[in-house]
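Novice: Structure provided below as structure tokens; questions to follow.
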Amino acid sequence: MASFTLNINGKKQEVDVDPSTPVLWVLRDHLNLVGTKFGCGIAQCGACTVHLDGTATRSCMLTVSMVGNSQITTIEGLSEEGDHPVQKAWLEVDVPQCGYCQAGQIMTASALLEKNPNPTDEEIEMAMNGNICRCGTYTRIKKAVKLAAKS
Amino acid sequence: MTLVKTKIGRRAFIRNTGLASGGLVIGFSWLASCKMTPEQVNSLPKEWFELNGFLKVGDNGMVTIMSPNPEIGQNVKTSMPMIIAEELDIAWKDVIVEQAPLNTDIFTRQLAGGSQSIRQGWESLRMAGATAKHMLKEAAAQAWGVSVDEITTKDGVLAHEGSGNSAGYGEMASAATSIEVPEEVELKDAGDFRIIGTDKKNVDGKKIATGQPLFGLDTYREGMLTAMIVHPPAFGMKFKSMNAESVMSMPGIKEVFRFEAYPEDVERQWSDGGAIPELVAIVGNSTWECMQAKKALNVEWEEVSKLESTSYHNDELAKLLEKAQEVPARQDGDVEAALKKASKIVESTYSAPYLAHNTMEPMNFFAHVTPEKAELLGPIQTPEFLEKTLVSRLGMPAEKIDVRMTRMGGGFGRRLYGTFAVEAASISQRLNAPVKLVYTREDDMTQGTYRPSYKVRFKAGLDEKGNLIAWHVRGAGTNDALIFENRFPAGAVDNYLAEKHSLQTNVTTGAWRAPRSNFIAGAEQAFMDEVAEAAGKDPLDFRLELFDRAINDPVGDPEKNDYDPARYAGVLKLVKEKANWGTDTGKARGISAYYCHNSYVAQVLELEDGGDIPRVENIWCAVDCGIVINPLAAKNQIEGGIIDGIGHSTYSALTFENGKPEQSNFDTYRLMRHSEAPKNIEVHFVDNGIDPTGLGEPSLPPVIGALSNALYKATGRRYYEQPFINDKPPLVG
Ligand code: FES
Ligand code: FES
């Protein structure tokens, strides 16, 4: 066990965990931030995507000891009132089916738009390829990303 | 309007008599998980009045509607309450939806499966809304001293034109609780629907987009322990021994033990299929600590039955295709004789591998079992059957067992089999502690309950004019006999023979989105194209000819045929028009149609140029599911089914080597990704006012046929083996 001070959603959080613990499980099991999902544990599905200093990062393979002073943003911290343009676009297009993958999809999409406010279809697909949606909402996700880019 | 007897579970209308005020104040469980603005909190009613088990009306006119069925992403949590709200005549914005707990006294068929929630819930949901509306009207009539027949309702307001009286539902709610439940109620005519048939967004949409706790895996309780299981690494193996000492000292680990979730005397339900009798449990403080212990734990296994490999399954299935069925599943005319005199014979064999369900949210369940009661919470498609098994497993009466459903991160049939919940309850009972059982992705993918592996051979005979005179289908599957003998083209061909075999194996199988149809539809519709080509006919016209035959002069007893040829032809004609079938777009196109789960679907699929497996560019989809409750969500289901069908038939497979699954996570098990998804999907509904049927499954099966047929046009080669990505032409030279 070791103590870590993490910067999550703009707040400092203390945790006492094994240094090998992935940020995903620190968020879920220790900080009650369960919006970040577990899907595969090997950086293949994107369900656990968070922003690490603004970059979409798979938290299931990011150990707590690697974070240092970096800023972590989770789906809960993406916006105060759930009104980030990407979240609004998701509601407008009514993207989710089961909804389980969607926090990860939204985190990847919002990081993409931050860096590239006007992505082409191909750029959207490439950026989003690490996020699986088992329910097959891919066409709606693309539509929502484009809608968010416009606003 | 239609008058109907209120025959749905009368007990749904027995109100809680212990309430002196006639009202019922409920806990706002949904408040806990949803941040509300002060205005929203202020707009909440002070008191709720329960008019029947499906709904309660607040003193301010807001209505809480219980959504009875499990939500797996098929969107019933929005569409089922829409049906109640329609007949209640309330404005949708005034509706709050809650997931109902398991309660078989009130609700019928609390199950998610077979695309049946809407179809089988239709009547009772309408009655629930209509009876409550009637009671509110009756209360108003008494209050105003007027005849109930003169009272009208709209958007939660009662009005009496003659006297000029009007009141919101909230004002009459208290009085309505003491009104007699009517023996008969009036249901609206479809033409008067104001909510049904309009786009309504997912009621959980905001919570999903903001990461609120909704799913079973999001359950955390004071003092809760995390449990994981270790199951045999191969089918045909069982637990022998282990060395638990070494991991007991690892940080956070509380218990490691062998256990039986299903001792021999447990009365099993069908939903317990695939149960692994003996497992190892690792229980600890946190998920990561349990995962570490799981990796470190040394378990020895022993062989108890044959360790089967994919090559064995394939060989055995191929052998079955050489074998006649003793008594054929269906036989019309004389196929053998017809084939002898046919001027052309077409014959092909199609196959598909095992598939895992791979719900995005792995199996998990929360259980807190004490000597007094059992609390179960999690993702389950069959809560009623789970409760029955728990009664036997825990040795407790059903009244002491409370099963609640969370929103599910996908189902696809996997969560029909609630063995994981029984495992969680068994562990909790043993430890007398609250426990959340969590499967890793590897546990989930290698545990079993797969879509069976299949092979089918078709043989068709054509006469000199290109008429279909014989159709022979013989199919085989692992633990599943594949063929629906009374589906199309049964009834449309004079000489028809359907035979089926099941290969017993120890790899467990179960329902996977559109069971059997998910393979046989694609195979049949691809073969239909081969036959149309041999007949020199347009594949769409060729199908329509067959439906004409089934409409005008059906073969055999038409009652036996499991489809309505007119509705089948209807979706084909609609998609023909929408896709401009027959005009040359310069792109490879395929067509397909199928009927399953009471709905009809036809698709035209168009490919981009180039690539090993060219990408799907456009899909036109025509659907006949009767009345469409929520078009926005209905289209989502159809799009999802299409993507699911294309994705799995193109990329996915689960194979075995000596009983061991060779894929265990998404690095080796390939699922479709964004850049491989179809670019455009257009959905059109047949507008016929027929009672609604479901959409969770029907769009998946046919699209595999449409894809095969388009691939043939693009590459000149027929694709017989799924996944198509592996179905490469033999190397020459
Ligand atoms: S859980 Fe991290 S990528 Fe799948
Ligand atoms: S919505 Fe279910 S996995 Fe994406």
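Novice: In nanometres, what is the gap between the two model label sites at B:Ser675 and B:Val157, each 7 Å from Cα along Cα-to-Cβ?
Specialist: Distance between label points: 5.6 nm.
Novice: What share of all Cα pairs of the stretch B:600-687, in percent, falls into each consecutive 5 Å distance bin?
Specialist: In whole percents, the pair-distance histogram is 3, 12, 20, 19, 14, 12, 10, 6, 3, 1, 0.
Novice: Right, something else. Hey, in the GNM for chain A with a 10 angstrom Cα cutoff, which one of A:Leu24, A:Leu91, A:Leu78 fluctuates hardest?
Specialist: A:Leu91
Novice: Rounded to the nearest 500 deg cm²/dmol, what is the calculated helix-only ellipticity per residue at 222 nm for chain B, with -39500 (n - 2.57) per DSSP H run of length n ≥ 4?
Specialist: The helix contribution divided over chain B gives -9000 deg cm²/dmol.
Novice: Between A:Glu92 and B:Asp548, what is the label-to-label distance in nm when each label sits 7 Å out along the Cα-to-Cβ direction?
Specialist: With each label point 7 Å from Cα toward Cβ, the separation is 4.9 nm.
Novice: Just which residues of the stretch B:335-375 lose 50 Å² or more accessible area with every protein chain there, against their chain alone, with the probe set to 1.4 Å?
Specialist: Residues losing area: B:Met360.
Novice: Expected output is a single nm value to one decimal: the length gained when fully extending between B:Glu264 and B:Glu326, i.e. 0.36 nm times separation in residues minus the C-alpha distance. What is it?
Specialist: 18.9 nm
Novice: Next up: Scan around B:Gln663 for amide H atoms under 5 Å from its own, H built in the peptide plane at 1.01 Å from N, and keep only partners 5 or more places away or cross-chain.
Specialist: Amide H neighbours of B:Gln663, under 5 Å, 5+ apart: B:Thr655.
Novice: Relative contact order for chain B using alpha-carbon pairs under 8 Å, separation at least 6, rounded to a whole percent?
Specialist: Details: 1650 pairs, mean separation 100.3, N = 733.
Once normalised by length, the contact order is 14 percent.
Novice: Sort out for me the Cα centre separation of the stretch A:101-137 from the stretch A:15-57, rounded to whole Å.
Specialist: First find each Cα centre; the distance between them is then 18 Å.
Novice: I'd like the residues of the stretch B:170-216 whose 1.4 Å-probe accessible area shrinks by no less than 20 Å² going from the isolated chain to the full set of protein chains.
Specialist: Buried-area filter returns B:Lys201, B:Asn202, B:Gly205, B:Lys206, B:Ile208, B:Ala209, B:Thr210, B:Gly211, B:Phe215.
Novice: Say R0 is 22 Å: what FRET efficiency, to the nearest 0.05, do B:Arg109 and B:Asp557 get from their beta-carbon distance?
Specialist: Details: r = 29 Å, r/R0 = 1.33.
For B:Arg109 and B:Asp557, the calculated efficiency is 0.15.
Novice: OK, next. So which residues of the stretch B:377-413 lose at least 20 Å² of accessible area, probe 1.4 Å, when you go from the chain by itself to every protein chain present?
Specialist: The answer is B:Phe412.
Novice: Another question, then. How large is the translational diffusion coefficient of the stretch A:2-77 in µm² per second when you combine the Kirkwood radius over alpha carbon pairs with Stokes-Einstein at 4 °C and 1.567 mPa s? Walk me through the intermediate numbers first.
Specialist: Numbers: Rh = 11.9 Å.
After rounding, the answer is 108 µm²/s.
Novice: Using only the Cα atoms of chain A, each taken as one equal point scatterer with no solvent, compute I(q) by the Debye sum, divide by I(0), and report log10 of the ratio at q = 0.18 Å⁻¹.
Specialist: Normalising to I(0) and taking log10 leaves -1.00.
Novice: Quick one: pull the percent of accessible area on the stretch B:392-528 belonging to carbon and sulfur, 1.4 Å probe, ligands and nucleic acids left out.
Specialist: Using a 1.4 Å probe with all protein chains present, the stretch B:392-528 comes out at 44 percent carbon and sulfur.
Novice: Hey, if you put +1 on the Cβ of every Lys and Arg and -1 on every Asp and Glu Cβ in the protein assembly as shown, which of B:Ile380, B:Val422, A:Trp25 ends up farthest toward the positive end of that dipole?
Specialist: Among B:Ile380, B:Val422, A:Trp25, the one farthest towards the positive end of the dipole of the protein assembly as shown is A:Trp25.
Novice: Quick check on the stretch B:252-355: take the gyration tensor over C-alpha atoms, sort the square-rooted eigenvalues as a ≥ b ≥ c, and tell me if it's rounded (a/c under 1.5), prolate or oblate.
Specialist: prolate
Novice: Equivalent ellipsoid semi-axes for the protein assembly as shown, as square roots of 5 times the alpha carbon gyration tensor eigenvalues: give them largest first, rounded to whole Å.
Specialist: Over the Cα atoms of the protein assembly as shown, the semi-axes work out to 42, 38, 28 Å.
Novice: Treating cross-link reach as a plain straight distance, find the aspartates and glutamates whose alpha-carbon is under 17 Å from the alpha-carbon of A:Lys115, omitting any fewer than eight places away in the same chain.
Specialist: A:Asp53, A:Glu123, A:Glu125
Novice: A further question on this structure: Other chains near A:32-38: what is the mean number of their Cβ atoms within 10 Å of each residue's Cβ?
Specialist: Per residue, the average neighbour count from other chains is 6.
Novice: Between A:Asp83 and B:Lys319, with labels modelled 7 Å along Cα→Cβ, what's the label distance in nm to one decimal, could you check?
Specialist: 6.9
Novice: Right, something else. Could you derive backbone 3J(HN,Hα) for the stretch B:58-75 from the dihedral phi with the Karplus parameters 6.51, -1.76 and 1.60 (θ = phi - 60°), listing whole Hz in sequence and x where the residue is Gly or Pro?
Specialist: Per-residue couplings from phi come out as x, 5, 9, x, 6, 10, 9, 10, 7, 9, x, 9, x, 9, 10, x, 7, 6 Hz.
Novice: May I pose another question? Just how much of B:Ile179 is accessible, in Å², when a 1.4 Å probe is used and the result is rounded to the nearest 10?
Specialist: Roll a 1.4 Å probe over it and B:Ile179 shows about 10 Å².
Novice: Right, another one. Taking θ = phi - 60°, what integer Hz values does the Karplus form 6.51 cos²θ - 1.76 cosθ + 1.60 yield along the stretch B:191-203, in sequence order, with x for Gly and Pro?
Specialist: x, 9, 5, 10, 10, 4, x, 10, 6, 10, 6, 3, 5
Novice: On the protein heavy atoms, probe 1.4 angstrom, tell me the percent of accessible surface of the stretch B:539-597 carried by carbon and sulfur.
Specialist: Summing carbon and sulfur atoms, their accessible area is 45 percent of the total for the stretch B:539-597.
Novice: If you don't mind, there's one more thing I want to ask. If one computes the Cα centroid of the stretch B:275-317 and of the stretch B:597-676, what distance in Å separates the two points?
Specialist: So the separation of the two Cα centres works out to 30 Å.
Novice: Show me you know the interface measure: the accessible area buried between A and B, both chains summed, probe 1.4 Å, in Å² to the nearest 100.
Specialist: 4800
Novice: A 26 angstrom limit on the alpha carbon distance is what I want to check against. Which of A:Lys11/B:Lys200; B:Lys46/B:Lys93; A:Lys142/B:Lys578; B:Lys207/B:Lys436; B:Lys238/B:Lys455; B:Lys200/B:Lys576 exceed it?
Specialist: Too far apart for the 26 Å limit: A:Lys11/B:Lys200; B:Lys238/B:Lys455; B:Lys200/B:Lys576.
Novice: Measuring with a 1.4 Å probe in the full set of protein chains, what accessible area per residue, in whole Å², belongs to the stretch A:85-150? Don't jump to the answer; show the numbers that get you there.
Specialist: On the way: 2160 Å² over 66 residues.
The answer is 33 Å² per residue.
Novice: Can you work out the base-10 log of I(q)/I(0) for the stretch A:85-150 at q = 0.12, 0.17, 0.23, 0.28 1/Å, using the Debye formula on its C-alpha atoms alone?
Specialist: For the stretch A:85-150, the Cα-only Debye profile gives -0.23, -0.47, -0.91, -1.41.
Novice: Okay, next question. Give me a comma-separated list of calculated 3J(HN,Hα) values for the stretch B:175-185, in order, Karplus coefficients 6.51, -1.76, 1.60 applied at θ = phi - 60°, integers in Hz, x for any Gly or Pro.
Specialist: 5, 5, 5, 9, 7, 4, 5, x, 6, 9, 10
Novice: Identify all lysines with a Cα-Cα distance to B:Lys560 below 20 Å; exclude those on the same chain that are fewer than 8 residues away in sequence.
Specialist: Partners found: B:Lys500.
Novice: May I pose another question? Return the FRET efficiency for the residue pair B:Ser309, B:Ser502: r is the Cβ-Cβ distance, R0 is 25 Å, and the value is rounded to the nearest 0.05.
Specialist: That gives a FRET efficiency of 0.85.
Novice: Turning to a different aspect of this structure: Assuming R0 = 22 Å, what is the FRET efficiency of B:Glu150 and B:Phe193, from their Cβ-Cβ distance, to the nearest 0.05?
Specialist: Efficiency, from the Cβ-Cβ distance: 0.45.
Novice: Taking a 1.4 Å probe, which of B:Val531, B:Val148 shows the most accessible area, and what order do the others take after it?
Specialist: Accessible-area ranking of B:Val531, B:Val148, largest first: B:Val148, B:Val531.
Novice: Hey, any idea what % of the stretch A:85-150's accessible area is carbon plus sulfur with a 1.4 Å probe?
Specialist: The value for the stretch A:85-150 is 56 percent carbon and sulfur by accessible area.
Novice: What does the C-alpha gyration tensor say about the overall shape of chain B? Classify as rounded when a/c is under 1.5, otherwise prolate if a/b is larger than b/c, or oblate.
Specialist: oblate
Novice: Just give me a number: lysine pairs in the stretch B:246-362, eight or more positions apart or cross-chain, with C-alpha atoms less than 21 Å apart. Show your work: numbers first, answer last.
Specialist: On the way: B:Lys254/B:Lys294; B:Lys254/B:Lys295; B:Lys306/B:Lys319; B:Lys323/B:Lys340.
Taking the Cα cut-off of 21 Å, the pair count is 4.
Novice: Using all Cα-Cα distances in the stretch B:543-585, what percent lands in each 5 angstrom bin from 0 up to the longest?
Specialist: 6, 22, 26, 18, 13, 8, 6, 2, 0
Novice: A follow-up question, please. Write down the accessible area per residue of chain B in Å², having rolled a 1.4 Å probe over the full set of protein chains.
Specialist: Heavy-atom SASA per residue in chain B reads 37 Å².
The values are calculated or read from the model by the stated rules, or taken from the named source; none is laboratory data. Just so it is clear, the structure is predicted and the values come from calculations on it, not from any experiment. Glycine also receives a Cβ, built like all others from the backbone with ideal geometry; neighbour counts cover every protein chain displayed. Surface areas here come from the heavy atoms of the whole protein model, side chains and all, with no ligands, DNA or RNA. Shrake-Rupley method; radii C 1.70, N 1.55, O 1.52, S 1.80 Å.
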